[in-house]
Amino acid sequence: MSKFLHSKFNSGSGLDPYDTSEELESMNGGYVRLNTNESPFEPSVNAIKAVRSAAGTLNFYSDPDCTKLREKLADLMDVKPSEIVFGNGSDEILNFLFTAFCEHGAVFPDITYSFYKILAKFHGVDFSMIPIDENFKINPEDYKNLNGKTIFIANPNAPTGLFLSLEDVEKIINQNPESLTVIDEAYVDFGGESAKNLIHKYKNLAVVRTFSKSRSMAGARLGWCMTCEENAKDINDIKNTVTPYNINAMTQAAALATLEDEDITQKNIKLIKSVRDNTKNRLREMGFEVTDSSANFLFARHKTVSGEKIFEALKRCRIMIRHFSQPEKIADFNRITVGTAEQMQILLEVLKRVIKNETR
Ligand code: PMP
């Protein structure tokens, strides 16, 4: 540890960085990558062309307001341009939200996107985790009397893939008028229902979305938040304080072109959903318990073979999925990104062999 590190990080409770080792291995080791919920489809031809052409303007700073992209996205989302904030991935948006709005603490489910806990610790935000039930459901009744703590709900949730109805989302918002409710909709294009229209009804709501999943742009790093103008201005002021040019010119160009090719996005979503549901059925036939995922991944455990054994065996066959060794209630589950039909066919064939060997 450097002697220059701020003492607030030496206590052991401050820095808990996201572990990227497995991702690095999957990127560089010739794996079928089913571990990070990316899109298996390349960006559209027009998006790639737009990046090439934006590369010629890299001597200039990028537009700090993402003006053209903002107008196009506002139109598609049916919100005002001033109700949008852009981030370098939705992870950056989450960081802005923890910076801006968590003075009184944060709450989130015990099983959810790991970054909420990491950010809470980093910002010294007092946080509590509310257990999901034995069917992995989030119960709105558990989100009461939160004393102004900011609520973070991934919907659909990760890694379970289950979604909370809009009615339940609204219940949580209504029950907590003194809290900001953040609905992280990274996977909403694959199922469930967006809360985005509710930002015109509730000022205590922020909806977070990303270009990383359904829009095939994980490597470009682009996310956005939709919330009332006052909240958006505060977040944007924080953005302009720390990273005014957070969205680079090539990413802005790629995103604009992607939005103009919305029909391609919708076709890809349809395909992922159909491959997901076929794969789910095949896994169930093989003795897996699989949640009814509304996302671009499946969450599954086998009735006799442990999650760790399955993960390790697939890894030896150069297929990378995501294993969670804790907490205990999900220790036998693995999260499998839905890839192309061909990738899923390979996965299922290898899994069949693995299960046969392990149960012999
Ligand atoms: N929210 C959830 C629930 C996620 O699973 C992810 C991706 N791992 C993100 C946000 C962050 O995505 P990105 O930063 O690529 O937009």
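Miscellaneous remarks
- Orientation-averaged projection of the chain equals 19.0 nm² [convex hull of Cα atoms, one quarter of hull surface area].
- Centroid-to-centroid separation of the stretch 290-331 and the stretch 157-210 [C-alpha atoms, Å]: 27 Å
- Residue (of Thr57, Pro81, Val125) at the positive-pole extreme of the stretch 1-156, dipole from beta-carbon charges: Thr57
- The trypsin sites (Lys or Arg not before Pro) of the stretch 1-60 that meet both conditions, a loop assignment by DSSP and at most 14 other Cβ atoms within 10 Å of the site Cβ, are Lys3.
- Neighbour-limited loop hits for chymotrypsin sites (Phe, Trp or Tyr not before Pro), the stretch 16-94 (at most 14 other Cβ within 10 Å; DSSP other than H, G, I, E, B): Tyr18, Phe60, Tyr61
- Stretching the chain fully between Ile238 and Gln266 yields a gain of 6.8 nm (0.36 nm per residue, less the alpha carbon separation).
- Over the chain: helical MRE at 222 nm, DSSP H runs n ≥ 4 each giving -39500 (n - 2.57), nearest 500: -12000 deg cm²/dmol
- Carbon + sulfur, % of accessible area of the chain - ligands and nucleic acids excluded, 1.4 Å: 50 percent
- Note that the stretch 340-357 has calculated 3J(HN,Hα) couplings of 6, 4, 5, 4, 5, 5, 4, 4, 5, 5, 5, 4, 4, 5, 4, 5, 4, 5 Hz, one per residue in order, obtained from phi through the Karplus relation 6.51 cos²θ - 1.76 cosθ + 1.60 (θ = phi - 60°); glycine and proline are x.
- Dipole magnitude for the chain: computed about the Cα centre from +1 point charges on Lys and Arg Cβ and -1 point charges on Asp and Glu Cβ, it is near 1120 debye.
- Ordering Gly30, Ala47, Ser7 by Cα displacement along the dipole of the stretch 2-48 toward the positive end leaves Ser7 in first place; charges were set at the Cβ atoms of Lys, Arg (+1) and Asp, Glu (-1).
- Here is the list for the stretch 133-207: trypsin sites (Lys or Arg not before Pro) lying in DSSP coil, each with at most 12 other C-beta atoms within 10 angstrom of its C-beta, are Lys144, Lys201.
- Rounded to the nearest whole angstrom, the semi-axes of the ellipsoid equivalent to the stretch 92-169, taken from the Cα gyration tensor as √(5λ), stand at 21, 14, 11, largest first.
- Here the 3J(HN,Hα) profile of the stretch 61-72, calculated from phi with Karplus coefficients 6.51, -1.76 and 1.60 at θ = phi - 60°, is 5, 6, 5, x, 9, 6, 4, 5, 4, 4, 5, 5 Hz, Gly and Pro shown as x.
The values are calculated or read from the model by the stated rules, or taken from the named source; none is laboratory data. On a predicted model such as this, the values are computed, not experimentally measured, just so you know. So basically every Cβ, Gly included, is an ideal-geometry build from the backbone, and we count neighbours across all protein chains shown. SASA here: full protein model, heavy atoms, side chains in, ligands and nucleic acids out. Shrake-Rupley method; radii C 1.70, N 1.55, O 1.52, S 1.80 Å.
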